[in-house]
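**Student:** There's a structure below that I have some questions on.
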């Protein structure tokens with residue numbers, strides 16, 4: 001833990017929308033999360049960065065209740081949700097976009113979104129707003145989602161998470177496997193989403209994407225948070241990037 | 001490649017029609033092999049009727065597997081129980097069942113069928129709660145414990161109804177055949193086709209036109225994601241399990257009346273065909289199960305007529321051929 005940066009973490013922990021304290025997760029014999037502490041403040045984008053295998057996806061899955069935390073507390077919106085089942089966690093107002101997107105390939109685009117709108121029929125004005133930045137979804141409305149391209153599937157996965165207002169979105173590597181042009185499109189879409197007061201915790205490997213969108217950043221390594229702070233500070237400090245992520249932005253480009 | 005262009009237009013494949021075409025294809029292939037046209041018509045109707053009954057019995061099992069990856073070898077017990085419960089209702093009502101009146105027959109059949117479905121459904125609920133719930137996600141244990149459940153159920157049937165085979169005559173209205181020129185078509189077979197089509201249509205509507213159906217179809221593909229959207233997949237699963245067991249009970253009544261006998265081993269015997277059907281269809285696919293059942297019914301009847309000694313083997317051969325062509329079955333279900 002870089003003590004110089006533990007100050008903002010503590011502040012964010014008070015009155016934060018989501019706060020993890022000493023969260024441990026075991027998967028089989030593996031001890032993946034080894035005491036994760038961090039907080040996501042209300043509003044804005046928090047980027048969860050780190051090398052492959054650092055535990056980022058496990059962290060999101062633990063918050064969602066897909067893996068059960070073996071120790072620690074997960075406070076969301078004032079309640080401890082560690083130990084709650086996934087549907088209950090989701091119903092507290094958390095939308096989730098998994099790494100593999102979780103699209104229902106045999107269901108049409110319309111059916112995927114209808115299912116995601118669990119509180120009733122889809123709000124048409126909200127749908128038009130989503131069509132505004134994901135026009136492909138309107139075009140292929142009645143098509144089986146399995147026939148969409150990779151980028152379109154990712155759009156559908158994100159649209160599904162925001163078809164109704166959610167307090168918090170957990171998004172796992174939305175740029176994975178996407179072409180640069182589509183990543184640019186995704187950045188635009190997320191900027192649009194940023195204008196609403198949605199809070200987003202986003203796992204990312206693509207540092208440029210993270211830098212373009214992130215307000216705050218948390219970096220994981222070996223199942224722990226090793227750094228938290230403002231995105232701008234990390235983006236402007238190649239030495240820190242090298243130290244935390246094993247890359248500098250210049251080398252990455 | 002296509003990911004580089006957002007404008008790349010995916011095309012709607014619609015329903016894959018090749019498996020659908022297999023049914024007329026099999027019927028046409030059999031036509032020149034069977035010596036007379038009336039025999040071919042009789043066998044074809046018999047095959048379709050048998051297929052419809054197998055479909056009714058198998059449809060629940062394929063959804064149960066698709067939704068929760070549960071291998072339920074005890075499904076046959078629901079079939080047998082359904083048949084025995086219906087027998088217990090029908091024997092005291094034999095005068096109505098034997099009367100030459102459609103209404104009297106219906107008055108006997110309806111309560112028998114409803115009782116069979118209710119008891120089989122209730123047994124399904126009990127099974128899910130007590131036997132299957134503790135072994136979610138553990139295939140080997142599922143096989144062992146559901147096999148054990150099947151044996152217990154069979155023995156309980158011996159205790160309640162005795163070990164003997166019981167005769168179960170068809171209701172009067174459904175005995176005999178319609179004669180059209182040289183062609184004889186069993187009345188009961190027509191009834192079985194009608195009931196099978198009705199069940200398929202009802203399932204199709206529920207799966208494609210209702211929210212519960214949407215949940216089931218999504219759950220078969222990726223249950224974890226359905227939960228992440230805020231739905232309790234287990235509740236859906238229990239509902240499907242009960243409905244599937246009730247349908248097995250209905251199928252058991254129909255199968256017993258078709259054979260005109262009820263025995264504690266009948267469920268076990270028909271399970272072989274049911275497993276072949278759900279594997280051919282693609283595990284979890286109701287449409288595939290329907291087509292698979294009709295194929296199995298047709299092949300069993302044609303081969304049973306042409307070469308009775310290889311009748312059961314013919315269905316296994318059919319399964320092998322289809323799996324060589326489509327290893328995931330006729331309609332593979334996209335899994336995560």
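**Student:** How big is the antiparallel share of DSSP beta bridges in chain A, given as a percent to the nearest 5?
**Tutor:** 55 percent
**Student:** Next question, about the same structure. With the contact rule set at Cα under 8 Å and sequence spacing of 6 or more, what percent relative contact order holds for region B:36-325?
**Tutor:** Averaging sequence separation for qualifying contacts and normalising by length gives 39 percent for region B:36-325.
**Student:** Looking only at the protein assembly as shown, where both bridge partners belong to it, what percent of the DSSP beta bridges are antiparallel (to the nearest 5)?
**Tutor:** If I count the DSSP bridges inside the protein assembly as shown, around 60 percent turn out antiparallel.
**Student:** Please report the antiparallel percentage of DSSP beta bridges with both residues in region A:123-249, rounded to the nearest 5.
**Tutor:** Here the antiparallel bridges make up roughly 55 percent for region A:123-249.
**Student:** Modelled label-to-label distance, residue B:260 and residue A:52, 7 Å Cα→beta-carbon offset: nm?
**Tutor:** 6.9 nm
**Student:** Relative to a virtual label point 7 Å from the Cα of residue B:167 in the Cα→beta-carbon direction, which members of region B:82-118 show backbone nitrogen distances below 17 Å?
**Tutor:** B:87-88, B:90-99
**Student:** What list do you get for B:78, A:133 if you sort them by fewest beta carbons within 10 Å?
**Tutor:** By the 10 Å Cβ count, ascending, the order reads A:133, B:78.
**Student:** Describe numerically, in nm with one decimal, the distance between label points set 7 Å from Cα along Cα→Cβ at residue A:31 and at residue B:39.
**Tutor:** Calculated label separation equals 7.6 nm.
**Student:** If you don't mind, there's one more thing I want to ask. Quick one: A:197, A:80, fewest Cβ neighbours within 10 Å first, how do they rank?
**Tutor:** A:197, A:80
**Student:** Calculated FRET efficiency, residue B:25 and residue B:100, Cβ-Cβ r, R0 45 Å, to nearest 0.05?
**Tutor:** Efficiency, from the Cβ-Cβ distance: 0.65.
**Student:** Using the Cα atoms of region A:105-165 to build a convex hull, what is its mean projected area in square nanometres?
**Tutor:** Convex hull of Cα atoms, orientation-averaged projection: 3.6 nm².
**Student:** Mean separation of Cα pairs under 8 Å and 6+ residues apart, divided by the residue count of region A:105-165: what relative contact order is that in percent?
**Tutor:** Contact order relative to length: 55 percent.
**Student:** Still on this structure, I have one more. Where the Cα atoms of the protein assembly as shown are projected onto their three principal axes, how long is each span, largest first, in whole Å?
**Tutor:** Here the spans come out as 91, 51, 42 Å, largest first.
**Student:** Divide by every residue of the protein assembly as shown the summed helix terms, -39500 (n - 2.57) for each DSSP H run of at least 4, and state the resulting mean residue ellipticity at 222 nm, rounded to the nearest 500 deg cm²/dmol.
**Tutor:** -18500 deg cm²/dmol, from helical runs alone.
**Student:** Pop the C-beta distance of residue A:188 and residue B:202 into the FRET formula with R0 = 51 Å and round what comes out to the nearest 0.05.
**Tutor:** Given R0 = 51 Å and the Cβ-Cβ separation, E is 0.65.
**Student:** Quick check: pseudo-label points 7 Å beyond the Cα along Cα→Cβ at residue A:226 and residue A:99, how many nm apart are they?
**Tutor:** That separation, rounded to one decimal, is 1.8 nm.
**Student:** Considering only A:182, A:63, A:163, give the residue with the highest GNM mean-square fluctuation for chain A, with springs between Cα atoms whenever their separation is below 10 Å.
**Tutor:** Maximum fluctuation in the GNM of chain A, among the listed residues, is at A:182.
**Student:** Next question, about the same structure. Going by a ≥ b ≥ c, the root eigenvalues of the Cα gyration tensor, does chain B fall in the rounded group (a/c under 1.5), the prolate group (a/b larger than b/c) or the oblate group?
**Tutor:** The shape class here is oblate.
**Student:** Which residues among region B:163-177 fall inside the zone where the amide N is under 20 Å from a point 7 Å beyond the Cα of residue B:107, along Cα→Cβ?
**Tutor:** Those under the cut-off are B:169-175.
**Student:** Could you calculate the FRET efficiency of residue B:175 with residue A:118 from 1/(1 + (r/R0)^6), where r is the beta carbon distance between them and R0 is 35 Å, rounded to 0.05?
**Tutor:** Calculated transfer efficiency: 0.10.
**Student:** Hey, another quick one. Return A:128, B:154 ranked ascending by Cβ neighbour count within 10 Å, so the fewest neighbours appear first.
**Tutor:** Placing the least packed residue first, the sequence is A:128, B:154.
**Student:** Right, here's the next one. Considering Cα pairs under 8 angstrom that are at least six residues apart, work out the relative contact order of chain A and quote it in whole percent.
**Tutor:** 27 percent.
Every number in this text was worked out from the coordinates using simple rules, so none of it is lab data. Fair warning: this is a prediction, and the values are worked out from it, not measured in the lab. FYI the Cβ positions are ideal-geometry reconstructions off the backbone, even for glycines, and counts take in every protein chain you see.
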